[in-house]
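The values are calculated or read from the model by the stated rules, or taken from the named source; none is laboratory data. This one's a predicted model, so the numbers in the text were calculated from it and none came from an experiment. Cβ sites come from the backbone with ideal geometry, for glycine too, and all protein chains shown count toward neighbours. Areas reflect the complete protein model, heavy atoms only, side chains present, ligands, DNA and RNA absent. Shrake-Rupley method; radii C 1.70, N 1.55, O 1.52, S 1.80 Å.
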Amino acid sequence: MAINKNSNLYTIVYTVVMVVIVGTLLAVISTSLKDLQDANVLNEQKVSIMKAAGNENGDFDTMVAMGYVDAADNTFYAIDTNDTVSVDAVFKLLSDRKALAATEAELPIFIYNDKAETTYIIPLVGKGLWGDIWGYAALQTVDGEIVVKGIVMDHAGETPGLGAEIATDGVQNRFVGKLVYAGSEFALRMQKGGAKDEKYQVDAITGGTKTCDGVNDMLRNSIDKYKEFLENPIIVEPQKVKEE
Amino acid sequence: MGMRNFIDKIKPTFSKGGKLSFLHSTFEGFETFLYVPNTVTKKGAHIRDCNDIKRVMIMVVLALVPALLFGMWNVGYFAGRVGFDAFWFGFLEVLPMIIVSYGVGLSIEFAFAQKRGHEINEGFLVTGLLIPMIMPVGVPLWIVGLSTAFAVIIGKEVFGGTGMNVFNPALLARAFAFFAYTPQMSGEKVWYAVDGMTGATALDYMSQPGATMEGFSVCDAFLGTIPGCVGETSTLAILLGAALLLFTGVASWRIMLSVFVGGLAFGYLFDITGWTEYPAYYHLLVGGFAFGAVFMATDPVTSAQTNTGKWIYGFMIGALAVSVRVLNPAYPEGMMLAILFMNALAPLIDYFVVDRSIARRKKLIKNVK
Amino acid sequence: MKLSKNFTNPLAANNPIIVQILGICSALAVTVKLEPAVVMGLSVIFVTAFSNLIMSLLRNGVPSRIRIIVQLVVIATLVIVVDQVLKAFMYDVSKQLSVYVGLIITNCIVMGRVEAFALGNKPMDSFIDGIANGIGYALILIIVAFFRELFGSGTLFGIQVLGDWYTPNSLMLFPPMALIIVGCIIWVHRSFNKDLQEK
């Protein structure tokens, strides 16, 4: 009996079978690879944080403490690294740039302890010329001044060769050693035409002025939130986990 | 006449069958440069005029001279010299750019013409002078050369040579240089020939939102004593050139006028909506606006051909140039982009003008019947 | 004999990009550097070959009314698989390719070959045709990426090749330059293959 391939019944059956097969196949692949994929994203975030702190190949899990700064009492509450739920929540917040920009009360922060110097790594988020820009700033307190230990930046769609250069080591290394605040004023910036005051300023990117303006806004908006904490860091002992 | 006789004597060597016949195009190029060719059409009715393409091109070159001379003096002026000293300094700075532009461009054109067996066309006579005049004086010579090569190969030869190009080749050279080597073409060091002197151009000031004309008076801008590209600063010198072009009928007054009108109209719009703080006519005095309107937009090959088309084409150039300048922070110079864009649209404009004219006439015939 | 012609034609004489003029968009987007271009090329080879194979196997059973939809489903599934695998095993590269992997679905070459070849030919032939078209596409991508990375960044595969004396040509990093390079390749190609020149 020859099946009429153009009959309605045949077409419908064919479609259903096809959808079932394809759906199952994709679902299987997606779930089996999901862990690997999530691990990749997580790893990238950790590497960025370590890179900002100056130790790109270091082991995040043993060297970095993470948690929130409570803006109300300027206290850092650590998260127990075994508490996977909270750890995941922090990294999820880092990926959600809109939410990250909006956080005011509980600010995510990472603390890197190495040879008795404490580096605070805070997430940055802002807007470039064509899309989002983000990154991590590693800050230290030296002689009462907040100093940049390192910075890592990335972007969604800045112009290659111009604004996109913020993601390169060349530009990022300019920030090392710069002071953030002149007294109580936020002074760290990329200066068009070349840094005028070498203590606080770095050269902007020629041809990428708007992106650099975005970077300046990003630095000020993101770092200002942590200002009071950084001036007087109160750290709750890491063993204590913040009560929900 | 000694030269005429000499040329006639050596002509057979370069013609078919002669020893150097493969260099025919080169020979022909030089011959027609010196003498108007006396080949005539055999069929149809044509007006005989001694004004052929070469003569027209030379007229444009002459019209460019005031702006060029002033530009050279201006370079010296901003390097701290005065008077003739300033001119001589500028002359020495600009001359290498002109040599590179002509050298590179003409070699490529000759090579292509030889390979294809065509005659040399004199279109590059003007382009070769325009290119250095729309570049800032501090730009490295190799960039001038590379941009010229790009403009001639991709902008002209690929399309079939002089008269076939869609885009204005001089602007293509500028656009190439601007996008390929932005740090070397803009910023603050490039407007001065002397190391250590920096400063923004008036355009840089104007592109900040809410800007006023800081530091440059209107008189300065009109005369041209402001920093900028070699040929484009002096509106006065450009107008002198424009007068020559209009008097000899070489350039279209329609295009020039409509570019200015378009620029003024949109400049006014931005002024009254508060987007900018300076009056509309500033746009005409600053940057490449006047230069583009007179020398680039009017290029007969790349502009619209119909009269109505020319009005539309010119108006849109002026409007676009001002809009790009004001609205887009990444491109302080909008004229180059506006003209290139309208170059692409010019055939379309002509098509619609002709189409509507045909439709109108069809209707007339119907009514008569 | 038929096999070898199926394989060699798409490499040059019937190259998908420079003769059939298909798949230009991704050629512009991913050729800024060589590494993503190579990965993209391999992905397209994989997708084109296997969608050709699968559609050829199915060709006698597909109801003609939903033919295009079935093709789309097959191609889309293959592309999603590629995308997922890249995200899991080659994360850095997948970030550079980002949306363009998904756009393989819209790459005219894949659909074009399925329609033009797979539906009317045997599975093995179709598979070879798919591979060959993919390779033809990848070849052009690599040539374009070679020039763009070399002149745009001074590097090849990320390794600095041109020294400090070289000022990078930023225009090379923009898509229009890629199109111009493809145009130049076509120019050279047709100078040698005069029969391809249109009158």
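Quick look at the values:
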{"quantity": "Given charges at beta-carbon only (K, R positive; D, E negative), |dipole| of the protein assembly as shown in Debye", "calculated": "5300 debye"}
{"quantity": "Quotient of C-alpha Rg and 2.2 N^0.38 Å, computed over the protein assembly as shown", "calculated": "1.16"}
{"quantity": "Cα-based helix-to-principal-axis angle, A:84-95 vs chain A, degrees rounded to 10", "calculated": "80 degrees"}
{"quantity": "Candidate residues C:Tyr91, B:Tyr313: accessible-area rank, largest first, probe 1.4 Å", "calculated": "C:Tyr91, B:Tyr313"}
{"quantity": "Other-chain or far-sequence residues with amide H under 5 Å of A:Thr75's (modelled H)", "calculated": "A:Asp70"}
{"quantity": "Antiparallel content of DSSP bridges confined to region A:41-240, in %, to 5", "calculated": "90 percent"}
{"quantity": "Chain pair A, C: total accessible area buried, heavy atoms, 1.4 Å probe, Å²", "calculated": "2000 Å²"}
{"quantity": "Residues with amide H under 5 Å from that of C:Gln20, placed H, sequence gap 5 or more", "calculated": "C:Asn15"}
{"quantity": "Shielding by partners, peptide C:150-157 (average Cβ within 10 angstrom, other chains)", "calculated": "1"}
{"quantity": "Between region C:1-45 and region A:137-182, the Cα center-to-center distance that results, in Å", "calculated": "41 Å"}
{"quantity": "Residues with amide H under 5 Å from that of A:Asp114, placed H, sequence gap 5 or more", "calculated": "A:Thr119"}
{"quantity": "Förster radius 35 Å - calculated FRET efficiency between C:Phe147 and C:Glu115, Cβ distance, rounded to 0.05", "calculated": "0.65"}
{"quantity": "Surface accessible to a 1.4 Å probe, per residue, for the residues of the protein assembly as shown, Å²", "calculated": "49 Å²"}
{"quantity": "In Å², nearest 10: area of C:Lys87 left accessible to a 1.4 Å probe", "calculated": "80 Å²"}
{"quantity": "Size of electric dipole in chain A: Cβ of Lys, Arg +1 and of Asp, Glu -1, about Cα centre, debye, nearest 20", "calculated": "980 debye"}
{"quantity": "B:Glu333 accessible area, assembled protein chains, probe 1.4 Å, Å²", "calculated": "30 Å²"}
{"quantity": "Carbon plus sulfur fraction of accessible area for the protein assembly as shown, probe 1.4 Å, in percent", "calculated": "64 percent"}
{"quantity": "Interface size A-B, as summed buried accessible area [1.4 Å probe, Å², nearest 100]", "calculated": "500 Å²"}
{"quantity": "Per-residue average of Cβ from other chains inside 10 Å of A:25-35", "calculated": "3"}
{"quantity": "Residue-by-residue Karplus 3J(HN,Hα) for region C:45-61, coefficients 6.51, -1.76, 1.60, Hz, glycine and proline x", "calculated": "4, 4, 5, 5, 4, 6, 5, 4, 4, 5, 5, 5, 5, 8, 4, 7, x"}
{"quantity": "Nitroxide proxy distance, nm - points 7 Å out along Cα→Cβ at C:Asn9 and A:Asp203", "calculated": "5.6 nm"}
{"quantity": "For region C:152-165, Karplus couplings with θ = phi - 60° (6.51, -1.76, 1.60), whole Hz, Gly/Pro x", "calculated": "x, 10, x, 10, 9, 6, x, 9, 4, 10, 8, x, 5, 5"}
{"quantity": "Cβ-based charge dipole, the protein assembly as shown, positive-most Cα from B:Ile358, B:Leu327, A:Leu124", "calculated": "B:Ile358"}
{"quantity": "Hz values of 3J(HN,Hα) by residue in region A:11-20 - Karplus curve (6.51, -1.76, 1.60), Gly and Pro given as x", "calculated": "4, 5, 4, 4, 4, 4, 4, 4, 4, 4"}
{"quantity": "Solvent-accessible surface (1.4 angstrom probe) belonging to C:Met111, in square angstrom, nearest 10", "calculated": "50 Å²"}
{"quantity": "Antiparallel bridge percentage (DSSP; both residues within the protein assembly as shown; nearest 5)", "calculated": "90 percent"}
{"quantity": "Selection from A:Val85, A:Cys212, A:Phe186, by position along the positive dipole direction of region A:41-240 (Cβ)", "calculated": "A:Cys212"}
{"quantity": "Over 27 Å between alpha carbons, listed pairs A:Lys115/A:Lys210; A:Lys210/B:Lys310; A:Lys127/A:Lys227; A:Lys46/A:Lys127; A:Lys192/C:Lys95", "calculated": "A:Lys115/A:Lys210; A:Lys210/B:Lys310; A:Lys192/C:Lys95"}
{"quantity": "Relative contact order computed over region A:41-240 (Cα-Cα under 8 Å; 6+ residues apart), in percent", "calculated": "22 percent"}
{"quantity": "Lys/Arg +1, Asp/Glu -1 at C-beta; the protein assembly as shown dipole; positive extreme among C:Pro176, C:Leu57, A:Tyr136", "calculated": "C:Leu57"}
{"quantity": "Tilt relative to chain C, helix C:67-89 - C-alpha long axis, 0 to 90 degrees, to 10", "calculated": "40 degrees"}
{"quantity": "Shielding by partners, peptide C:71-82 (average Cβ within 10 angstrom, other chains)", "calculated": "2"}
{"quantity": "Mean ellipticity per residue at 222 nm, deg cm²/dmol - from DSSP H runs of n ≥ 4 across the protein assembly as shown, formula -39500 (n - 2.57)", "calculated": "-18000 deg cm²/dmol"}
{"quantity": "For the pair B and C, total buried accessible area rounded to nearest 100 Å², probe 1.4 Å", "calculated": "800 Å²"}
{"quantity": "Rough spin-label spacing in nm, given labels placed 7 Å along Cα→Cβ, for A:Thr103 and B:Leu236", "calculated": "6.4 nm"}
{"quantity": "C-alpha center-to-center spacing [region C:150-196, region B:101-142] in angstrom", "calculated": "22 Å"}
{"quantity": "Buried on assembly, region C:24-63 (at least 40 Å² less accessible surface than by itself, 1.4 Å probe)", "calculated": "C:Gly61, C:Pro63"}
{"quantity": "Heavy-atom SASA rank of A:Trp130, B:Trp275, B:Trp73 (probe 1.4 Å, accessible area, largest first)", "calculated": "A:Trp130, B:Trp275, B:Trp73"}
